[in-house]
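Nothing in this text is a laboratory measurement; each read-out follows from the coordinates by a stated rule. What you are looking at is a predicted structure, and each value in this text was computed from that prediction instead of being measured. Counting neighbours? That spans all protein chains shown, and the Cβs are built from the backbone with ideal geometry, glycine included.
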Amino acid sequence: MDSDVKKKAVVLVSGGLDSSTCLAIALAHGFECYAMSFDYGQRSSSELAAAGRVVAANQVQDHKIIKLHMGAIGGSALTDKSIAVPEAATEGIPTTYVPARNTMFLAYALGWAEVLQADAIFIGVNAVDYSGYPDCRPEYISAFQQLINLATKVGVEGAVITLETPLIDLSKAEIIQTGARLGVDYGLTVSCYQADESGRACGLCDSCRLRRQGFAEAGVEDPTQYQPGA
């Protein structure tokens, strides 16, 4: 690669804490970043507004919002309002798991990466402080990297699009500390599974509990706006 040509990366940006930190890391590593978000029928539409704020606050080349009709499939508390979001700790894989979500997201990211001739895809999956989702594990990332190598023109021709997961081994507190060092404005982000239209968090769901605990353990002020009584 010409030394004057910047590396390119597609970064998945949900509007949450993790993906915002992931974007900051990609930028800090010198990548020219292209953000991708998804309107997949999620319960909290304020996530997409947050994604827009995060992208606007950073030097991003382009931001695509892809519409997926995952609500038509159902099977998750995040896409089917008849399934309640758990407000207490649960055993096993929770009902907030969205079947095949990361696989669908990464497939679109991979397609755009090929078009852009990008060097990497960044996704903010985490295998430490997370909700037990199977598509956040290192084994899954390794398998998808193999798919990238096998299923792409560049892979067949001997080049590599690297699937980057800089948060995968970090605790939530470590993620927040990393983002704080990089200047991430977490007040722009929304992590709650059932935030209201203004982006105010419920304070009860699994994502809220992990986020609140993470700020406390990181020693960083929590800028989250909570719903009354949360």
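If you count Lys pairs in the chain whose Cα atoms are under 23 Å apart, skipping same-chain pairs closer than 8 places in sequence, the total is 8.
Taking a point 7 Å from the Cα of Ile65 along the Cα-to-Cβ direction, the residues of region 77-98 with backbone N closer than 19 Å to it are 79.
Each Lys or Arg adds one and each Asp or Glu subtracts one; over the other residues with Cβ under 14 Å from the Cβ of Ala88, this totals -2.
On alpha carbon coordinates alone, what is the Rg over Rh value for region 8-218, Rh being the Kirkwood radius? Let's see the in-between values first.
Numbers: Rg = 16.3 Å, Rh = 17.3 Å.
The Rg/Rh ratio comes out at 0.94.
Compared with the alpha-carbon gap, the fully stretched path from Asp39 to Ala151 is longer by 37.8 nm at 0.36 nm per residue.
For the chain, the residue among Ala118, Leu182, Ala77 whose Cα projects farthest onto the positive side of the dipole built from Cβ charges is Ala77.
Hey, can you rank 171-179, 71-79, 15-23, 90-98 by average C-beta count inside 10 Å, highest first?
15-23, 171-179, 71-79, 90-98
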